[in-house]
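None of the figures in this text is laboratory data; all of them are computed from the coordinates on show. Please read all numbers here as calculations on a predicted model, not as lab measurements. Positions of Cβ are backbone-derived with ideal geometry, glycine not excepted, and every protein chain shown enters the neighbour counts.
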Amino acid sequence: MGTVTGGAAGTTGTAAAATGPKQARSRVTRRHLLEAAVSCLAEHGWAGSTVSVVAERAGVSRGAAQHHFPTREDLFTAAVEYVAEERSTALRDLFHARPADHPAARPAVVEALVDLYTGALFRAALQLWVAASNEEQLRPRVTELEARVGRETHRIAVELLGADESVPGVRETVQGLLDMARGLGLANVLTDDAARRARVVAQWSRILDAALG
């Protein structure tokens with residue numbers, strides 16, 4: 001009996017050891033699919049971003065893609081959410097060791113927030129918004145996603161700017177900054193607006209210093 005029990009334990013251990021690498025490969029495949037989906041959406045728009053195109057770009061089969069994301073809507077909403085979370089984490093990490101009242105902190109925070117709206121993530125999200133305006137099945141999922149991302153971005157902005165939202169007008173000032181950043185992102189979709197954007201960032205930094213103290 002002891003030998004049989006030992007054999008079963010050994011088999012279980014072998015199975016567990018095999019499961020670890022399999023799960024790791026699955027996570028890598030999922031990440032590659034999400035990153036490929038965002039790139040395709042930003043470059044080709046909704047109409048040109050099929051599951052097959054994304055799977056080919058990620059280097060996996062269509063079947064493997066559908067194993068992780070059964071529908072096209074699942075894939076693209078998950079992709080934009082994934083990258084949004086990654087960018088939020090990077091933003092927090094970037095300023096983790098810098099106090100909000102550091103002389104250079106607020107201009108750097110404003111610039112980093114604006115950068116959130118001028119890269120591939122924003123272009124992908126914009127394509128998703130346009131698609132959601134015409135796709136009834138997609139609209140509620142994108143609306144919920146954008147509301148959640150918006151709340152998280154606002155919270156991070158408040159934290160990094162050292163803003164006290166109990167003071168009248170401060171919440172609206174922070175939200176105005178984010179709305180301005182989104183507008184700069186829209187302008188950047190058609191043309192490189194870096195020079196004007198730099199002047200606007202500098203002015204908003206001065207506005208925030210006056211408003212936030």
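A few notes on this one:
- The phi torsions of the stretch 58-68, fed into the Karplus equation with coefficients 6.51, -1.76 and 1.60 and a -60° offset, translate into couplings of 7, x, 10, 7, 4, x, 5, 5, 6, 5, 7 Hz, rounded to whole numbers, with Gly and Pro shown as x.
- Shown here is the pair-distance distribution of the stretch 102-213: with all Cα-Cα distances grouped in 5 Å bins from zero up to the longest one, the shares run 2, 11, 21, 21, 18, 13, 9, 4, 1, 0 percent.
- The dipole here belongs to the stretch 77-205: it is taken about the Cα centre, uses +1 on the Cβ of Lys and Arg and -1 on the Cβ of Asp and Glu, and is about 220 debye.
- Its DSSP H runs of at least 4 residues, each contributing -39,500 (n - 2.57), put the calculated 222 nm mean residue ellipticity of the chain at -27500 deg cm²/dmol, to the nearest 500.
- Sequence of Ser88, Ser166, Ser26 once ranked by neighbouring C-beta atoms within 10 Å, starting from the fewest: Ser166, Ser26, Ser88
- When only Cα pairs below 8 angstrom with a gap of at least 6 residues are kept, the stretch 2-212 shows a relative contact order of 22 percent.
- The chain: translational diffusion in µm²/s, Stokes-Einstein, Kirkwood Rh over Cα pairs, 25 °C, 0.890 mPa s: 125 µm²/s
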